[in-house]
Amino acid sequence: MFSSTQQFFKSYFVQSLFWIPIIFFSGLLVFNTLPYFTFSKEYRFIQERILLFQLPFYSFCFYTHIAAGSFCIVSALLQFSSTILKSRKKIHVWSGRIYVLVVLLIGAPTGMFMAFFAKGSNMERGLFMVMALIWFYSTARGLQTVLEKNILAHKQWMMRSYAMAMTAVTFRIYHILFYYFGWSHLENYEISLWISVVGNIVFTEVILFFRDKKYIQSFTS
Amino acid sequence: MKSIIVISTLLFVIASFMGIANYVQHNQSLSEKGLYASPQVPTFTSAEEETEQSLPTVAKQLQEPNTKVREEVVVPVPKKSAKSKTKKKEPQEVYHAAKKPREREINFKEFSRAPLDDYEALPAQATEVEVAESTKPTKVEEVK
């Protein structure tokens, strides 16, 4: 009895260490995105791209992308709760449907469009494009596998999708951390971007590899 | 549900093509305004390069890209300096020399947006006067 209680608290503690920072930073990201919806042009991010914001379609993509991204980050948090999945399955199903629709119809296409105008060199633009592509593909595969009732593959593909959605959060964490290393701004931006994208992919694949014995099959199923 | 995958794939492909088209168009419009490619850059003398002065014409173009009336400062180039081995400054170098990134402070509250670099406002008037005094232009033309 004692051993099982200890194990319960141990796993609970480890999970809390992982999820509490994620919930906090996700909330912070969404909270700080809200001022953009005043549609003011005074923000530094917009000021830096003021010529791009003269393109109506770019402005449209920007605002829909940040709205979709914020929604995805929040709704995805519900999807990973085993309590909701067991006791309130309808919430999981409907939240998942909306997440998939938002990613496939808004988030990934607008992300792909904006990738062409991303800051940095062509390598960084290419990275954003690959990111949008992986986000789109993994979400589409997640939908396809759940329709085929392949729950294991569905979990794996949705974890990959969430990893791409979370690059927005991890990028900012790395960017702030590396700022204290005294690197130049552009150097910091590029390194943070690469580490957040590649790091999230590797981290997810490592978790999947150690959790599921049928890891390799997830790519073919 | 499968139709959603088909529709979204089409949308994704369209977004990609629109990205390419808008990217090309945007670059062309920047070039036309003289902000992106090959702005008019007068030749530097070796003495000017040492002091790293900004260019009045480029600074003016950056500030007022849409103006039709443009002042051109013609700087006499001595034959010696024209033939000298000092390499001509690239347009990008001139642009970055004119717009130096400032020290940035990261505010934790600005977590939502990447703390992207912004540039100090161009000290256009000051540099124009400084350069004009140092180079002593002989002729000022007004071009419509």
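Tallying residues that are surrounded by 15 or more Cβ atoms within 10 Å (Cβ to Cβ) and either touching a Pro at 6+ places or on another chain (Cβ under 9 Å) or within 7 Å of chain A (Cβ to nearest Cβ) (or both) within the stretch B:7-24 yields 9. Checked against (1) in contact with a Ser or Thr (Cβ under 8 Å, 6 or more places away or on another chain); (2) of a type in the set (A, V, I, L, M, F, W, C); (3) at pLDDT below 90, A:L55 passes all but a single condition, namely (1). Scanning the stretch A:26-48 for residues that are more than 23 Å from the chain's Cα centre (by Cα) and of a type in the set (V, I, T) turns up just one, A:T38. Considering the stretch A:66-110, and only residues there that are among the charged types (D, E, K, R) and over 30 Å from B:F17 (Cα atoms), the residue that is surrounded by the most Cβ atoms within 10 Å (Cβ to Cβ) turns out to be A:R88. For the stretch A:155-162, indicate whether the set of residues that are surrounded by fewer than 21 Cβ atoms within 10 Å (Cβ to Cβ) and touching a strand residue (DSSP E or B) at 6+ places or on another chain (Cβ under 7 Å) is non-empty. Within the stretch A:155-162, not a single residue is surrounded by fewer than 21 Cβ atoms within 10 Å (Cβ to Cβ) and touching a strand residue (DSSP E or B) at 6+ places or on another chain (Cβ under 7 Å).
Could you tell me which residue of the stretch A:163-196 is surrounded by the fewest Cβ atoms within 10 Å (Cβ to Cβ), considering only residues that are outside any helix (DSSP H, G or I) and modelled with pLDDT under 90?
If we filter the stretch A:163-196 for residues that are outside any helix (DSSP H, G or I), which is where we start, we get A:166, A:180-184.
Retained after the next criterion (residues that are modelled with pLDDT under 90): A:180-184.
Details: A:Y180: 9, A:F181: 9, A:G182: 7, A:W183: 14, A:S184: 10.
Across the stretch A:163-196, the extreme among qualifying residues is A:G182.
When every residue of the stretch A:18-41 is checked against the conditions, none turns out to be of a type in the set (D, E, K, R), at negative phi, in a helix (DSSP H, G or I) and modelled with pLDDT under 90.
This table checks each residue for (1) at the interface with chain B (Cβ under 9 Å from one of its Cβ atoms); (2) under 24 Å from A:R44 (Cβ atoms); (3) of a type in the set (K, R); (4) touching a residue at least 12 places away in the same chain (Cβ under 8 Å).
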site: A:M114; (1), (2), (3), (4): yes, yes, no, yes
site: A:F128; (1), (2), (3), (4): no, yes, no, yes
site: A:A153; (1), (2), (3), (4): no, no, no, yes
site: A:H185; (1), (2), (3), (4): yes, yes, no, no
site: A:V202; (1), (2), (3), (4): no, no, no, no
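Of the residues making up the stretch A:15-61, those that are closer than 22 Å to A:V169 by Cα and charged (D, E, K, R) are A:R44, A:E48, A:R49. Looking at A:G126, A:G120, A:G199, just one residue is surrounded by fewer than 17 Cβ atoms within 10 Å (Cβ to Cβ) and on the phi > 0 side of the Ramachandran plot, and that residue is A:G120. Note on the stretch A:26-61: residues that are in contact (Cβ under 8 Å) with a residue 60 or more places away in the chain and either hydroxyl-bearing (S, T, Y) or more than 8 Å from chain B (Cβ to nearest Cβ) (or both) amount to 2.
Pick out, from the stretch A:49-149, the helices (runs of 4 or more DSSP H) lying fully within it that include 2 or more residues that are over 20 Å from A:L29 (Cα atoms), within 15 Å of the chain's Cα centre (by Cα) and of a type in the set (S, T, Y). Even if it seems obvious, please write down each step before you answer.
On the way: elements: A:56-79, A:82-87, A:89-102, A:108-115, A:122-147.
Qualifying helices (runs of 4 or more DSSP H): A:122-147.
The values are calculated or read from the model by the stated rules, or taken from the named source; none is laboratory data. All figures in this text were calculated on a predicted structure; none of them were measured in a lab. Note: ideal-geometry Cβ built from the backbone for every residue, glycine included; neighbour counts use all protein chains shown.
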